[in-house]
Amino acid sequence: MLLCYPPSLLTQRLLTSAADTDVKAMVNYENNVREFHASLRKFYYHHLFEASEFSSASFKQLPQFSPKIRKTQENTNED
């Protein structure tokens, strides 16, 4: 079945996809946050329960959040 979307809806979908604010981008971001949270848990649990001390050297190994951003060309090839 062929669906006919109004031009305003098509424009909205195109713009949200181009801005990386569509549902796929939101789910991707939430997955990145979950991965980061898991790395933080692993880092801190090790220092809380296994390591004997928390030094400035170990503080430099603290995980940093860096979300994976989709490329713009991927956005235009969706749907």
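The values are calculated or read from the model by the stated rules, or taken from the named source; none is laboratory data. Treat the numbers as computed from the prediction; the structure is a model and nothing was measured. Every residue, glycine among them, receives a Cβ derived from its backbone with ideal geometry; neighbour counts consider all protein chains shown. The accessibility values were calculated without ligands, DNA or RNA, using every heavy atom of the protein model including side chains. Shrake-Rupley method; radii C 1.70, N 1.55, O 1.52, S 1.80 Å.
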- Within a Cβ distance under 15 Å of Arg34, other residues only, what is the Lys/Arg minus Asp/Glu net charge? +1
- In the full protein assembly as shown, how much of Lys24 is accessible to a 1.4 Å probe, in Å² to the nearest 10? 110 Å²
- For segment 10-71, the charge dipole (Cβ of Lys, Arg +1; Cβ of Asp, Glu -1; about the Cα centre) points to a positive end, and the Cα of Ala18, Phe36, Ile69 closest to that extreme belongs to Ala18
- Item | Cβ-Cβ FRET estimate between Gln64 and Thr16, R0 fixed at 25 Å, reported to 0.05 | 0.35
- Note, Phe49: beta-carbon cut-off 12 Å, +1 each Lys/Arg, -1 each Asp/Glu, net +1
